[in-house]
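All remarks here apply to the structure that follows.
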Amino acid sequence: MATPENSPAPPRDRFADLQIHRGVLQAIADVGYESPTAIQAATIPALMAGSDVVGLAQTGTGKTAAFAIPLLSKIDVTSTTTQALVLAPTRELALQVAEAVSRYGAHLPQLNVLPIYGGSSYARQLSGLKRGAQVVVGTPGRVIDHLERGTLDLSRVDYLVLDEADEMLAMGFAQEVERILSETPEYKQVALFSATMPRAIRKITAKYLHDPLEVASEAKAGAAENISQRYIQVAGPRKMDALTRILEVEQFEAMVVFVRTKQATEQVAERLRARGFSAAAINGDIPQVQRERTITALREGGIDILVATDVAARGLDVDRISYVLNYDIPHDAESYVHRIGRTGRAGRSGNALLFVSPRERHLLQAIEKATRQTLAQVELPTVEDVNAQRVARFADSITHALARPGVQLFRKLVEDYEREHDVPMADIAAALAVQSHDGEAFLMAPEPPPKREKNSPNDRRSLREKPRRGRAFTTYRVAVGKRHKIGPGAIVGAIANEGGLHRSDFGQITIGPDFSLVELPAQLPRATLKKLGQTRISGVLINLRPHSGKPRRKRIG
Ligand code: AMP
């Protein structure tokens, strides 16, 4: 049987085979997606064929494009009526989805995508609605507001997407979602995406969706045990710096760096070359002959670092690859397993390191669950780690050069110089070193005071393991409680939407009789706090402020 890694790309691996609109196909090529992710391959054909779909998929699996591509392929941009509505739990997600839809629709002239969410001005949203937006992406609360004001007409909505449906319910939007579902035409097509399938979602699905196709992005995958698997938490903008530190500090023979798009393969390889590493890119756009030449160079040691997409690295079998670095986290566990399987070949051991941004932690959890393995968290090498390596390499280069022919000649020249100029030998050696290195940039500049925990001294060539730990929360008091018939969902919904927070930003919530206590990230920006101070729940000003001390009991009498 052909294994996935050896077989040629099956047809589902090409966007071009999915009957999507030509302009949308062009936009996908522009953003550099090489092949559909698992969830896209499963849902796009069904949605294109008109089915309702229930997708069990987390953020990071490519679910946004999974519903946006069919939606954009189908709407009529010559009409300005609202034909598609995407509901998202938070304003942050609504904005993100609206931006993605616009990006995938960049070649559809006259397309208007309008995000509507709490906390942004009604006036701007009203003028957008008046102009006519074929696609509206909104949070349930604000969509209902517009429906009640008569400023949003959903009577011609052909496509309705419920994104992160479980989050929407968890945030207390069940009623709003049901109301919107029932106020849109019966004939509409519905796509529901959810990371989990609680009973409430099953109920909605049974009531409002017609014979939906159910798709799960979960993969059952077993990862090899001869590969050490670790991860580092690093935010997107710091990834390049993190990568170069790792390249300097970690030991490897050859490395594959995995990224998500074709453009990223070129960009990362280029930036590595600019920093003096021998790196090359491979992706599906690079002609086969050149790809093979690059792989031969990797096999023979002409280059040490290959920056690749999943598709380009399919079947890659080079024993020298001792390290796989997942620069962009893969969309699902199956691709993770495939990626790390590029190392540990021919019975050798291998290293796999994954970059995870704080918002991608659930993808890490999905990978751990599917592979039934736990990845150890390690810390980014410090400036001291990197500098220690540079100094060690400098010493090695001296030792190496001492054994080279030509040393005798230079020794004589240097001794002559010492005699003629009366300069100590150490100064001469230092001057020669400056000639071959840029003295200023040789060591990394120290970082601003570290925000990290102290660690025990460790082998400087290996990354330090870090215990998993919780995040820092501060307790806030909000002036609504049981008396106002408020539950945790309503508090999370209002605070998340008005403050632009994610559900994962919430710690414990304690509902008191008159007021409630909510744990939120310790360092909220002042603007967010100001906005939350003015937020209302069921018309009551919540007057959010830091809480000091334990919840007080109400005194009687
Ligand atoms: P999502 O799950 O929709 O939040 O998408 C996660 C990330 O995957 C986003 O950064 C997308 O740009 C990216 N993405 C979506 N589809 C693909 C694809 N087919 N190939 C590469 N990257 C993709």
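The values are calculated or read from the model by the stated rules, or taken from the named source; none is laboratory data. Quick caveat: nothing in here was measured; it's all calculated off a predicted structure. Please note: Cβ atoms are built from the backbone with ideal geometry, for glycine as well, and neighbour counts cover all protein chains shown. Side chains included, ligands, DNA and RNA excluded: accessible areas come from the protein's heavy atoms. Shrake-Rupley method; radii C 1.70, N 1.55, O 1.52, S 1.80 Å.
Given R₀ = 51 Å, FRET efficiency for residue 349-residue 210 by Cβ-Cβ distance, to 0.05?
On the way: r = 52 Å, r/R0 = 1.02.
Efficiency at R0 = 51 Å is approximately 0.45.
Roughly how big is the range 32-159's charge dipole about its Cα centre, with Cβ charges of +1 (Lys, Arg) and -1 (Asp, Glu), in debye to the nearest 20? Mind dumping the intermediate values first?
Details: 10 positive and 9 negative charges, 59 e Å.
Charge dipole, the range 32-159, about its Cα centre: 280 debye, nearest 20.
Amide H to amide H, which residues 5 or more places from residue 137 or on other chains are under 5 Å from it, using H placed in the peptide plane?
Result for residue 137 returns 86, 114, 116.
Among 406, 430, 392, whose Cα sits farthest toward the positive end of the charge dipole of the range 384-436 (+1 at Cβ of Lys/Arg, -1 at Cβ of Asp/Glu, about the Cα centre)?
406
Tell me the per residue accessible area of the range 463-546 using a 1.4 Å probe; a whole number in Å² is fine. Present the calculation step by step, with values, prior to reporting the outcome.
Numbers: 4450 Å² over 84 residues.
In whole numbers, the range 463-546 has 53 Å² accessible per residue.
Can you give me the Cα centroid spacing of the range 152-167 and the range 60-80 in angstrom?
12
For the range 384-436, rounded, prolate or oblate, judged on the Cα gyration tensor with a ≥ b ≥ c (square roots of eigenvalues), a/c < 1.5 rounded, else prolate if a/b > b/c? Write down the numbers at each step before the final one.
Details: a/c = 3.61, a/b = 1.65, b/c = 2.19.
Here the range 384-436 falls in the oblate category.
Which distance in nm do the two modelled labels at residue 403 and residue 529 give, with both placed 7 Å along the Cα-to-Cβ direction?
Going from the residue 403 label point to the residue 529 one covers 6.2 nm.
Could you give the nm distance between label points at residue 361 and residue 289, where each point is 7 Å from its Cα heading toward the beta carbon?
If labels sit at residue 361 and residue 289, their model points lie 5.1 nm apart.
Treat every Asp and Glu Cβ in the range 463-546 as -1 and every Lys and Arg Cβ as +1, leave all other atoms uncharged, and give the resulting dipole magnitude about the Cα centre to the nearest 20 debye.
For the range 463-546, the charge dipole is close to 160 debye.
Using alpha carbons only, how many degrees (0 to 90, rounded to 10) separate the axis of helix 38-48 from the longest principal axis of the chain?
So the inclination is approximately 40 degrees.
Helix-only estimate, please: 222 nm mean residue ellipticity of the chain, summing -39500 (n - 2.57) across DSSP H runs of length 4 or more and dividing by its residues, to the nearest 500. Don't jump to the answer; show the numbers that get you there.
Numbers: 19 runs with 216 residues, N = 557.
Value at 222 nm, helices only: -12000 deg cm²/dmol.
Could you do me a favour and compute the accessible area per residue for the range 227-380, 1.4 Å probe, result in Å²? Kindly include the intermediate steps, with their values, before the conclusion.
Working: 5830 Å² over 154 residues.
Roughly 38 Å² per residue, with all protein chains present.
Which of 321, 331, 136 sits farthest toward the positive end of the charge dipole of the chain, with +1 on the Cβ of Lys and Arg and -1 on the Cβ of Asp and Glu?
Toward the positive end, the furthest listed residue is 136.
Compare the peptides 318-330, 379-391 by average per-residue count of other Cβ atoms within 10 angstrom and give them in order, highest first. The partial results should precede the final answer.
On the way: 318-330: 21.5, 379-391: 17.5.
Answer by packing, highest mean first, reads 318-330, 379-391.
Could you size up the charge dipole of the chain around its Cα centre, putting +1 on the beta carbon of Lys and Arg and -1 on that of Asp and Glu, and report it in debye to the nearest 20?
Values: 73 positive and 63 negative charges, 516 e Å.
For this selection, approximately 2480 debye.
Quote the FRET efficiency, to the nearest 0.05, computed for residue 447 versus residue 26 with a Förster distance R0 of 51 Å and r equal to the Cβ-Cβ distance.
Working: r = 43 Å, r/R0 = 0.84.
With R0 = 51 Å, the Cβ-Cβ based efficiency is 0.75.
Full extension from residue 238 to residue 414: what is 0.36 nm times the residue separation minus their Cα-Cα distance, to one decimal in nm?
Numbers: separation 176, 0.36 × 176 = 63.36 nm, distance 4.40 nm.
Residue separation times 0.36 nm, minus the Cα-Cα distance, leaves 59.0 nm.
Can you tell me how much longer the chain between residue 541 and residue 422 gets when fully stretched, taken as 0.36 nm per residue apart minus their C-alpha distance, in nm with one decimal?
Values: separation 119, 0.36 × 119 = 42.84 nm, distance 8.12 nm.
Result for the pair: 34.7 nm of gain on full extension.
Just going by the charge dipole of the chain, with Lys and Arg at +1 and Asp and Glu at -1 on Cβ, which of 490, 381, 104 is farthest out on the positive end?
In the chain, that residue is 490.
List every residue whose amide H lies under 5 Å from the amide H of residue 377, counting only residues 5 or more places away in sequence or on a different chain, with H placed 1.01 Å from N in the peptide plane.
231, 466
If you build the Cα gyration tensor of the range 4-216 and take the root of 5 times each eigenvalue, what three semi-axes come out, in whole angstrom, biggest first?
Values: eigenvalues 142, 85, 43 Å².
Whole-Å semi-axes of the equivalent ellipsoid: 27, 21, 15.
So, taking all protein chains as they sit and a 1.4 Å probe, how much accessible area belongs to residue 378, in Å² rounded to tens?
Number for this one is 0 Å².
If one takes the longest principal axis of the Cα atoms in the chain, at what angle in degrees, from 0 to 90 and to the nearest 10, does the Cα axis of helix 383-402 lie?
Helix 383-402 sits roughly 30 degrees off the main axis of the chain.
Under 5 Å between amide H atoms, partner at least 5 residues away or on a different chain: which partners does residue 214 have, H built in plane at 1.01 Å?
Amide H neighbours of residue 214, under 5 Å, 5+ apart: 54.
In degrees from 0 to 90, rounded to the nearest 10, what is the angle of the helix 425-436 Cα long axis to the longest principal axis of the chain?
50
Label point 7 Å out from residue 429 along Cα-to-Cβ: which residues of the range 397-411 have amide N under 14 Å?
397-403, 411
Can you tell me the length gained on complete extension of the stretch residue 147 to residue 226, counting 0.36 nm per residue apart and subtracting the Cα distance? Show your work: numbers first, answer last.
Numbers: separation 79, 0.36 × 79 = 28.44 nm, distance 5.77 nm.
Using 0.36 nm per residue and subtracting the Cα-Cα distance, I get 22.7 nm.
On the accessible surface of the chain, probed at 1.4 Å, how many percent belong to carbon and sulfur atoms? Present the calculation step by step, with values, prior to reporting the outcome.
On the way: 14490 of 28140 Å².
Roughly 51 percent of what the probe reaches on the chain is carbon or sulfur.
Would you please put 160-173, 142-155 in order of how densely packed they are, using the mean number of other Cβ atoms within 10 angstrom per residue and starting with the highest?
On the way: 160-173: 24.8, 142-155: 15.7.
Going from most to least packed, we get 160-173, 142-155.
Once each part is reduced to its C-alpha centroid, what is the distance from the range 502-553 to the range 347-426 in angstrom?
Spelled out, the Cα-based centre of one part sits 48 Å from the other.
Probe 1.4 Å, all protein chains in place: accessible area of residue 519 in Å², nearest 10?
We get 50 Å² for residue 519.
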